[in-house]
1. Distance from a point 7 Å along Cα→Cβ of residue 138 to each backbone N in the range 229-257: keep the residues under 18 Å and list them by number.
2. Relative to the first principal axis of the alpha-carbon coordinates of the chain, what is the inclination of helix 375-384, with its axis defined by its Cα atoms, in degrees from 0 to 90 and to the nearest 10?
3. In whole Hz, with x marking every Gly and Pro, tabulate ³J(HN,Hα) for the range 216-233 from phi via Karplus 6.51 cos²θ - 1.76 cosθ + 1.60, θ = phi - 60°.
4. How big, on average over all directions, is the shadow cast by the Cα convex hull of the chain, in nm²?
5. Hey, rough spin-label estimate for residue 104 and residue 182, points 7 angstrom out along Cα→Cβ, what's it come to in nanometres?
6. Defining a contact as two alpha carbons under 8 Å apart and six or more residues distant in sequence, what relative contact order in percent does the chain show?
7. I'd like the orientation of helix 68-77 relative to the chain: the angle between its Cα long axis and the longest Cα principal axis, in ° from 0 to 90, rounded to 10.
8. What is the range 281-409's relative contact order, in percent, from Cα pairs under 8 angstrom and six or more apart in sequence?
Amino acid sequence: MSIATAVEFREAVLPNGLTVQAEIVPGAMTSAAGFFFRTGARDEASPVMGVSHFLEHMMFKGTEQRTAEDVNRGFDDLGANHNAFTTTEVTAYYAHVPYDALDDALDILADILRPSLRTEDFDEEKGVILEEIAMYDDQPFWVLFEQGLERYFGSHPLAHRVLGTRKTVGDLQRDQMKTYFDRRYSADNGVLVASGRVDFDELVARTETLCGHWPKGEPGRVHVEPDFEPGELEVDLPDTQQRYIMLLAPAVGIADPRRYAMAQAFQALGDSDGSTFFWELVETGLAEEATMHLQTHDGCGEAIATIVCSSENAEQVEAIARREMAKLSSTVDEDALVRSRAKIATSAMLASERPMGRMTRLGSRWSYGLEYATLDEEIAKISAVGLDDIRAALDSLPLDRLLAVRGGG
């Protein structure tokens, strides 16, 4: 039986280039909608690092029609689950509401995406962002992760921190943010995605009314190959007793078909339970945590192992992790593949059971330039991966040239 039997996909593009997509689930009691933009930390100039995330906050500070209180009250009156997020490559704003409140939620979402960017709001929110940076600076693995990616990517814009630094955020000016907004938040750099009980023709007409005046800009994105150099980096993590380790190696980008094989291989190697890392490192008591995952981007990706252990065990733990990563192509077997395939497929199916999950999947795929695929088609690609595919993928990008990032203890 098809997973997506009752789901219909529709797409339209407005004259200004804004895309509208929906997965229509007629029997749903709710609807989710979100605007996704192809912009994030990698699209910033280094001196204004953090402007994407800062701007995300500013979107909720008011418009010409609404104050910040009006925005919050409007969402609350609808019973909306609403929020936003910023990554290195995508910024999104969304709401999940009862199906008959979708039009009202869309009104608010479209309005906040043309923000006032008042100087007094900007100055006040800057303090909030700086506090957020300070909060994350107290989290050892976050510090390790940020500095590790800076070393890994070097001069590549994917080295940019999503939050920015205290200096870049502290020095940022309101007019610099406005310039970034005008360049990156053009209609043709965004998509409105929706799922649940949706009247698509009405959705398109409403979007044309609300967003048809948004300008077209064709902002694009710079694509350059990361210049990876293996090696070591010691990160200062004061007042931490445990040892934190991150091992990184080049992998595939999000549009690369090899990602299905690599994701399953890494699941078998480093899932939180039942994996090689679990049995070799966690279950033996050598490490508190040991995971492996594939992180994909637009045009490139990384294999990342993350480990937490005592200082006394650190050398042995890292040696075991390196050994298992290097020989993964020859050790992954059919049993491990069956388990990893089932977990990945189950996760995808669980997300699809709510309009929010379907909406997020739609927006993410569009943001990375991926063609629409049904959940059935995605599950089929996951299920089609065999041991030969995994071995070919790992042989093309072996996990034996690593950047080791360590800190603490």
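1. Hits in the range 229-257 for residue 138 at 18 Å: 237-242.
2. 10 degrees
3. In residue order, the calculated couplings are 8, x, 6, x, x, 8, 7, 10, 9, 6, x, 9, 6, 10, x, x, 9, 9 Hz.
4. Answer in nm², one decimal: 20.1.
5. 3.6 nm
6. Computed over the chain, the figure is 22 percent.
7. Approximately 80 degrees, to the nearest ten.
8. Once divided by the residue count of the range 281-409, the mean separation gives 23 percent.
Throughout, read-outs are computed from the coordinates displayed, never taken from laboratory work. All values derive from a computational prediction rather than experimental measurement. Cβ sites come from the backbone with ideal geometry, for glycine too, and all protein chains shown count toward neighbours.
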